[in-house]
Each structure stands twice: as structure tokens, then as C-alpha cells.
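Working notes, beginning with the structure itself.
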Amino acid sequence: MIQYKNLNGESISEQQISSLKEYAIHTTDDQSGLLKKVETLKLKRGNQPYKFFEYYLDSGENKSDIIPQYTDETNDYRLGIYSNLQTAFSFKMWDFENYSNTGELIAKSKVVFDSQDRLILRVYFDIQTNEIKKFPLPIKYYYASSEDIANGLANLELMFTYEFNETTNQFVTYIKDLNETTGEIHTQNKDGFIELMGLDFWDKHSYYHALQPLLPLSLDR
């Protein structure tokens, strides 16, 4: 099945895409009902168009067969491949590899999505050593729970970043209230965040205390 969407994720008709400079075509496997491919037309600097393909690799497929199909230097086709799916509770973790229009691997990461397909984690890995990269910063996202909504924090969205401390040789946690739902506009360290949100909130969400584990160990995170 094919669906057409604008870049806000809203469904549009096939006729509407002719009037848009940027849009995405989502292809779902008819048998499994799972998303198989996303073809996104985007504009880069100078309003020059390029296509970015996102491909969900099955266990029986080979990357070496997929890469030349969806990368092209002349037409500027670029590719991201999702593979090695792992699941826990309602969460999905994928390995994600980003390829240039020449088919060169340029970035490796792991991403976690929740049951609503919202990004929960993104962490990049060194292509050569496979070690976690310090930059871009590893990130986890927290979205308002039913309890938060009941407490008047319906728009709560927190971004947890993990900055590497060269002295301690460890990642240190920082938190940003992206929508300023709490009224706090500054990035907080752990102590500042606990003072803002309370120890009970902190204790309930141990997944965010540190970069590890990457995949949540419980439904509540």
C-alpha cells in the first residue's frame, strides 16, 4: 500500500504532490502491514531537490543489493537503511545506516521508537570502531504520560542529552524542557532537574538517568 504525506506527516492525495516541492511516499508491505520504504523529496540549499530513501531491511535481504538501487550521484539519491530490529514491550530499536549519493556509508546510529512511532533515542557510533560517538550528543526524549497530563503538563517534552566528561570518563546527563511546560527555559543538570520536577518523577523514569540501557527495560521507562 502506498500513502502520500507532507513533511508534517499529514496524509495528502497523489494529486496534491504535484503542487508540493517537498513530500514523502510511504510504502507498506501488503502482507505484513509494516512500513517497508519511505521516499522523501526534499530541497537543499539553493532550492535544489534531492531524494532521501529510508528502507526497512528484512532478515533475508542483503544491504549490498539495496544500496545501488537507492543511491545515485547524478540524481542525488541518498539512503538510510533500518536493520537488526530489536523489541522490548512497545518499543522498537533499529540499527540505522546513512549512505551518501555515491553509496558510501557516512553515519551509523541506533534509534528507538515508541508505540506511537515517536523518537525515544538516537545515538551515533563511530564507523570504524563502533564505539559510541561523543558528538553529535546521544539523546533520549520523554513525552507526557497520562499522569503528567492529569497534572497539567500535557505538552511536556523533555530532551535528555549525555555529554562525555573527559575527567571522569563518563557520560553526564543534562535535561531540557523543550516546550518550557514547567516554565524552565534553561538546560538542567540532574540536581537542578530533581529540584524542578521532584525526586518521585526522577525515580519513576530510570531509563533516562544514564545513556545505558539504549532499549527500555520496562514499559514505564
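Extent of the stretch 148-221 along each principal axis, from alpha carbon coordinates, in Å, largest to smallest?
39, 29, 19
Given +1 on the Cβ of Lys and Arg, -1 on the Cβ of Asp and Glu, and no further charges, what dipole in debye does the chain carry about its Cα centre, rounded to the nearest 20?
Result for the chain is approximately 400 debye, rounded to the nearest 20.
If you bin every alpha carbon distance in the chain into 5 Å steps from zero, what whole percent lands in each bin?
Spelled out per bin, shortest first, that is 1, 6, 11, 15, 16, 16, 14, 11, 7, 3, 1, 0.
Show me, for the stretch 19-33, the HN-Hα J-couplings you get by feeding each phi into the Karplus relation (A = 6.51, B = -1.76, C = 1.60, θ = phi - 60°), rounded to Hz, glycine and proline as x.
Result, ordered by residue: 9, 10, 8, 9, 6, 9, 10, 9, 10, 10, 5, 5, 7, 8, x Hz.
Output the direction-averaged projected area (hull surface divided by four) of the convex hull of the alpha-carbon atoms of the stretch 72-184, in nm².
Computing the convex hull of the Cα atoms and averaging its projections yields 9.9 nm².
From the phi angles alone, apply the Karplus equation (6.51, -1.76, 1.60; θ = phi - 60°) to the stretch 155-165 and give each ³J(HN,Hα) in whole Hz, x where the residue is Gly or Pro.
Computed from phi, the couplings for the stretch 155-165 are 9, 5, 9, 10, 10, 9, 10, 10, 9, 7, 9 Hz.
So with the 1.4 Å probe, I'd like the accessible area per residue for the stretch 1-124, rounded to whole Å².
58
Can you give me the % of accessible surface on the chain that is carbon or sulfur? Probe 1.4 Å, all protein chains present, nothing else counted.
Ligands and nucleic acids excluded, carbon and sulfur reach 45 percent.
How big is Rg to Rh over the stretch 1-125, alpha-carbon atoms, Rh as the Kirkwood inverse-mean-distance radius?
Dividing the radius of gyration by the Kirkwood radius yields 0.96.
So, for the stretch 142-221, what is the accessible surface per residue at a probe of 1.4 Å, expressed in square angstrom?
58
Name the residues whose placed amide hydrogens come within less than 5 Å of the amide hydrogen of Ala107, ignoring near sequence neighbours (fewer than 5 apart) on the same chain.
Excluding prolines and chain starts, which carry no amide H, the hits are Asn98.
In the P(r) worked out for the stretch 131-174, what percent of Cα pairs fall beyond 18 Å?
44
Placing +1 on the Cβ of each Lys and Arg and -1 on the Cβ of each Asp and Glu in the stretch 7-49, which of Ser19, Pro49, Gly9 has its Cα farthest towards the positive end of the resulting dipole?
Towards the positive end, the residue furthest out is Pro49.
With θ set to phi - 60°, apply the Karplus curve 6.51 cos²θ - 1.76 cosθ + 1.60 along the stretch 68-73 and write out the HN-Hα couplings as whole Hz, x wherever there is a Gly or Pro.
My calculation for the stretch 68-73 gives x, 6, 10, 10, 7, 6 Hz in order.
Using Cα-Cα distances under 8 Å and only pairs 6 or more residues apart, what relative contact order does the chain have, in percent?
Answer for the chain is 9 percent.
Counting only helical runs of four or more DSSP H residues, what would the 222 nm mean residue ellipticity of the chain come to if each run contributes -39,500 (n - 2.57) and the total is spread over all its residues?
Estimated from H runs of four or more residues: -3000 deg cm²/dmol.
Using the C-alpha atoms of the stretch 1-42, what convex hull volume per residue, in cubic angstrom, is computed?
Given the Cα convex hull of the stretch 1-42, per-residue volume reads 58 Å³.
What does the extension gain come out to for Ser64 and Thr182, with contour length at 0.36 nm per residue minus their alpha carbon separation?
Between Ser64 and Thr182, full extension yields 37.7 nm more.
Do you know the relative contact order of the stretch 31-124, to the nearest whole percent, from alpha carbon pairs under 8 angstrom that are 6+ apart?
Normalised by residue count, the contact order of the stretch 31-124 is 18 percent.
Roughly how many whole Å is it from the C-alpha centroid of the stretch 201-221 to that of the stretch 149-187?
Cα centres, the stretch 201-221 to the stretch 149-187: 14 Å.
The values are calculated or read from the model by the stated rules, or taken from the named source; none is laboratory data. Quantities reported herein were computed from a predicted structural model and do not represent experimental measurements. Here the Cβ is made from the backbone with ideal geometry for all residues, glycine too, and neighbour counts use every protein chain on show. Each accessible area value is taken on the protein alone, full model and side chains, heavy atoms only, with ligands, DNA and RNA left out. Shrake-Rupley method; radii C 1.70, N 1.55, O 1.52, S 1.80 Å.
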